[in-house]
Amino acid sequence: MNLEGFSEYVKEDIEDQSLEILEKINDKLIIIGGWGVRAHLGEGHHRYTLDVDGVTDDEALLDIKEILSEMDLEKRDAERGIRFYRQYKPRVKVPEESKKAISEVQLRIEISGPRIKEHDTHHYFEFSLSDYDMIDIPYHGKEGKVDVKVPPIEHMAAVKLGLPVDYKNNHDAAMLLRRCDIDRVIQIIQDNDDWVEMVLRRMPKLKGRISQAERIENTLALTAGLDIKAHIQKLIQIEKALR
């Protein structure tokens with residue numbers, strides 16, 4: 001779901017409601033995905049997110065399932081881990097022209113073990129459950145913040161570079177690499193199974209799509225003040241090192 005076309009107050013309301021769910025389970029998992037990127041980058045993330053993605057151990061996974069089952073959330077079958085969702089119910093005024101699109105928004109939670117497997121291949125990226133940073137994520141529309149455990153920033157960048165190249169992953173990788181030790185990112189990719197192959201497979205799209213005028217990741221990058229040419233050079237540096 002692309003949230004970028006919604007008004008700021010709707011996007012902030014969506015994030016606050018997602019964060020409220022996360023606050024109920026924040027001590028039982030390590031946050032990855034969009035919220036993990038937000039934790040590291042704050043306003044430097046330059047995009048909105050609504051999904052809670054995390055990794056944890058089997059014992060905590062059972063606790064999380066029990067907590068979410070008692071909330072106003074629906075459960076979906078999952079091959080690995082758990083998936084819950086809830087229809088977004090706006091607490092703010094919704095513009096008439098956005099009502100249909102907003103009615104389709106769901107707040108989603110997906111949590112699994114620490115090994116993230118690439119669909120249809122044997123490749124995986126494994127997060128550590130003991131190596132993490134503690135960071136606060138503030139709410140938009142009310143006082144308070146949520147303390148979350150997140151992988152170190154270079155680990156977040158490494159996994160994003162090997163995931164399917166939708167605009168979210170492409171944008172997140174670009175924003176993270178602005179603050180990363182590139183050599184450390186390369187080492188983490190090399191240390192994780194054969195994630196090298198996944199990153200090399202994604203490189204043409206990572207470089208091409210963010211450079212294409214009017215693609216959403218290009219628009220977001222320019223809005224964020226990203227030097228796209230310099231970013232492409234970082235991707236080339238990573239690609240050469242992995243080959």
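Each Lys and Arg Cβ is given +1 and each Asp and Glu Cβ -1; about its Cα centre, the chain then shows a dipole of about 920 debye.
The simple spin-label model puts a point 7 Å past each Cα toward its Cβ; for Leu222 and Glu126 those points are separated by 4.4 nm. With respect to the cross-link table entries Lys28/Lys117; Lys160/Lys229; Lys75/Lys142, which display a Cα-Cα separation exceeding 24 Å? Exceeds cut-off: Lys75/Lys142. List the aspartates and glutamates whose alpha-carbon lies under 18 Å from that of Lys65, not counting same-chain residues fewer than 8 positions away? List returned: Glu20, Glu23, Asp27, Asp51, Asp53, Asp57, Glu74, Asp77, Glu79, Glu110. For log10 I(q)/I(0) by the Debye sum over Cα atoms at q = 0.07, 0.14, 0.16 Å⁻¹, the value computed from the atomic coordinates appears in the list [x] -0.34, -1.05, -1.23; [y] -0.21, -0.85, -1.12; [z] -0.23, -0.95, -1.24 under label [z]. Considering only C-alpha atoms, what is the centroid distance from segment 26-96 to segment 151-208, in Å? About 22 Å separates the Cα centre of segment 26-96 from the one of segment 151-208.
For the residues Lys99, Lys75, Lys207, a GNM of the chain with alpha-carbon springs under 10 Å puts the largest fluctuation on Lys99.
Given an 8 Å cut-off on Cα distances and at least 6 residues of separation, report the relative contact order of the chain as a percent. Let's see the in-between values first.
Details: 382 pairs, mean separation 46.8, N = 243.
Relative contact order here is 19 percent.
Within a straight-line Cα-Cα reach of under 17 Å, Lys207 can be paired with the following aspartates and glutamates, leaving aside sequence neighbours fewer than 8 residues apart in one chain: Asp166, Asp172, Glu197, Glu217, Asp227, Glu239.
A short reminder: the numbers here are calculations on the coordinates, not readings from a lab. Being a predicted model, the structure only gives us computed values, none of them experimental. Neighbour counts run over all protein chains shown; Cβ positions are idealised from the backbone, glycine included.
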